[in-house]
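The values are calculated or read from the model by the stated rules, or taken from the named source; none is laboratory data. Note that the coordinates shown come from a computational prediction; the quantities given were computed from them, not determined experimentally. Backbone-built Cβ (ideal geometry, glycine too); neighbour counts: all protein chains shown. The protein model used for the area step is the full one, side chains on, heavy atoms only, and it has no ligands, DNA or RNA in it. Shrake-Rupley method; radii C 1.70, N 1.55, O 1.52, S 1.80 Å.
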Amino acid sequence: MGLPNASGDLSTEVEVDAFRRLFPLRFFEKHLLESIRPDARPLGRARDTTIALGAVASANGSALAKIGSTTMLAAIKMEVMAPSIETPDEGCIAIDFHMPPICSPIVRPGRPAEAAPVVAKQLSDTILSSGMINLKELSLVSGKAAWMAYLDIYCLDADGALFDAALLAAVAAFSHLEIPVVSLNDDGKIVLSEEQGLSDREPVNKEKRKVNLGSIPFSLTCILHKNYILADPTAEEESIMETSVTVVLDSSSQLLSLYKPGGAVLAYTSAIQDCIALTRQRVKELQKILEEAISGMEVD
Amino acid sequence: MEVDREDGRSQNQLRPLACSRNILHRAHGSASWSQGDTKVLAAVYGPKAGTKKNENPEKACIEVIWKPKTGQIGKLEKEYEMILKRTLQSICILTVNPNTTTSVIIQVVNDDGALLPSAINAACMALVDAGIPMRHLAVSICCCVPRSGLVILDPTKLEEQNMKAFAYLVFPNSVHSVLPEGSLSVQGEPIENGVITSVTHGVMSVDDYFFCLERGRAASTKLSDFLRRNLQHQSTDSSKAG
C-alpha cells in the first residue's frame, strides 16, 4: 500500500510505516501541506488533556496530568522546618523533576536524560516567579517554624511537551494541597495532631486548609518549521523539527517566560505573536479543565 | 525619560566591550569576551571524530561544557549548556563535517550580570577562531524591564537582581551584502530581526517583551559592528607561521 503520489519517488512503492521511519521529514511535510498532522489534529490544536487530583493518597497534595500520551505525576509533601534568618516569616518550596527510565527508551538508569535538569530548573523559576504561592502563607510561627513543601514531579511517559505537562501537574497538585493540622507540644516543637479529640494541646492552625493560589501559570510549546507553527508537539515531531518555543502566560495574560533555546528556524515578530495568541487560547482551555477537576473533587 | 543607572550609563548604552582571540595555544580556537566586569573565556576543540551515542551521525555534533567560577556543577550550568548547544547548533553548518564532535568549553572568569549573553558571544568568536563553518554569527544581548520606567540594556549583577524581569536575546548578526536591498529578507523582515534564542526570567507584560525585542535588535546592530571590526582587525595583523 503506497501513498498516492504523482511525482514517482519512492513513496509510491513503500508502505506508510516504513516511509514514516525512513523519510520522517517528508512524511510530516506531506501532512503539513494539507494543514493537518499525522494524528489528524489541525496545526493549532493541542492534544486531549486530563487532570486527576488526589492520585497519591499519602501525599498532602497530588495530581496526575496527561496531555495526549505525556503523563506526569506530581506530589507534594509538607514538612516543618526552621525558616531562614533573612526571611523569618516565609516558608519554602523545593521543586524537583525526575525522568525515570519508565518514561522513554532513551533514558537508562546510568544515563540520566538531558532534559531533566533543564525542565526542573525552568519549572522552579516559573512557579517561584509567578507568585502563585505566597510564601508568607506557609509560615507557622514567625522565626521558629514554617512549612517546607517538597514538590516532586515524575514523568511516567515522555511523549513531547514535557514542560507543559509538568507545569500543569504541579499547578493541579498545588490546587489540591491541604496543609495538615499541627500543634505545639510541651518541648516547644510542632507536631502533627492526630485527631481532633486532643484538647490539651492548642492547635496552631485549626483545620486543614487549602492554599490560596494567586495567578496560575499555564504554558504551551509550539514547534516552528518553515512557515508552519505546530502547537503541542509529540516526541516524534520534536525530534524531527527541532525549533521549539515555549510560552508561559498567567491568568492575567502577563508573560512569565518565552523560551526558545536556539533552533534552525528564526522567530520573527509575526511568529512570536502567533505563538502568544495560541497560548492565550490554550490558557482558557486549561483553566476550564482545571476548574472542572477541582469541582469534581469537591463534590466527593 | 532619564533613568538613573548606578554607573551613569543611559538606558541603551552597553558596557565597554573587549574581545581577544587565539589566547589559548592548545585549543583549536579560543576567545575571551568581556562586557564591563563580566568576563568569559571560551575554547573550541574540534572537529573530532565520532559522535555521542544518541546524536545523529549524519550531522556534526556540538558538545558544550560550562565551568562556573566557583561551586559545583548544578542545574543552572546544565541549562546553560543546553541553551548554548542548541544556539550554536543553529548557527553552524552541520552538514559540512558529518559524524564529528566539536567541543566548546566555557569558563566563567567573572560574573557581573548578563553572563549567558557574554558566553554566547565568546563561544561564537571562539568558533570563528577555530574555523568552524557557520551560517552567520550569533549576537547576544540582555534586556531588562525595571519595575517602573523603560527597558534598559546590559545590566550589571546588582541591576539584574533588582529588576522585575529580564530577557536574554540572541539575534543573527547584521548583514552587509552586495546583493540589492530586500533580496535577503524573509516575510518582509530582514534576517537580523529573527530571534535565534530567547530566555526570560520574571513576569513582564507581552508589550514589554516586544519592546525588549526592539531594543535588542537595535543593540545587536552595534554589537555586530564591533564584532566585524574586531575580526577584520585581528585577521589583518595576525601573522601565524605556516
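Key figures for this structure:
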| item | result |
| --- | --- |
| Check on B:Ala123, at pLDDT 95 or above, of a type outside the set (Ser, Thr, Tyr) and either within 15 Å of B:Val44 (Cα to Cα) or under 8 Å from the mean Cα position of the chain (by Cα) (or both) | yes |
| B:Pro117 being at negative phi and within 14 Å of chain A (Cβ to nearest Cβ) | yes |
| Top-ranked residue of segment A:141-151 - restricted to ones that are among the small types (Gly, Ala, Ser) and either more than 23 Å from the chain's Cα centre (by Cα) or open to solvent by 10 Å² or more (accessible area, probe 1.4 Å) (or both), ranked as nearest to A:Lys189 (Cα to Cα) | A:Ala145 |
| All positions within segment B:37-87 that are farther than 25 Å from B:Lys157 by Cβ and among the β-branched types (Val, Ile, Thr) | B:Val44, B:Thr51, B:Ile62 |
| Which numbered condition B:Ser90 fails, given (1) surrounded by fewer than 20 Cβ atoms within 10 Å (Cβ to Cβ); (2) within 14 Å of chain A (Cβ to nearest Cβ); (3) under 20 Å from B:Glu63 (Cα atoms); (4) polar (S, T, N, Q) | (1) |
| Subset of segment A:210-257 that is aliphatic (A, V, I, L, M), open to solvent by 20 Å² or more (accessible area, probe 1.4 Å) and within 21 Å of B:Thr87 (Cβ to Cβ) - its residue that is modelled with the lowest pLDDT | A:Ile240 |
| Residues satisfying the stated conditions in segment A:97-140, i.e. part of a loop (DSSP other than H, G, I, E, B), more than 10 Å from every other protein chain (Cβ to nearest Cβ), in contact with a Gly (Cβ under 9 Å, 6 or more places away or on another chain) and open to solvent by 30 Å² or more (accessible area, probe 1.4 Å) | A:Asn134 |
| Residue match in segment B:101-114 (condition: over 25 Å from B:Pro16 (Cβ atoms) and either within 12 Å of chain A (Cβ to nearest Cβ) or touching a Cys at 6+ places or on another chain (Cβ under 9 Å) (or both)) | yes |
| Selection within segment A:254-268 - within 7 Å of chain B (Cβ to nearest Cβ) and not in a strand (DSSP E or B) | A:Pro261, A:Gly262, A:Gly263, A:Ala264, A:Leu266, A:Tyr268 |
| Which numbered condition B:Leu17 misses (of (1) touching a residue at least 40 places away in the same chain (Cβ under 8 Å); (2) open to solvent by 60 Å² or more (accessible area, probe 1.4 Å)) | (2) |
| Scan of segment A:215-238 for residues that are within 11 Å of chain B (Cβ to nearest Cβ) and either touching a Pro at 6+ places or on another chain (Cβ under 6 Å) or in contact (Cβ under 8 Å) with a residue 12 or more places away in the chain (or both), ordered by number | A:Ser215, A:Pro217, A:Leu224, A:Lys226 |
| A:Leu156 vs. criteria within 17 Å of the chain's Cα centre (by Cα), over 19 Å from A:Phe218 (Cβ atoms), not in a loop (DSSP other than H, G, I, E, B) and not basic (Lys, Arg) | yes |
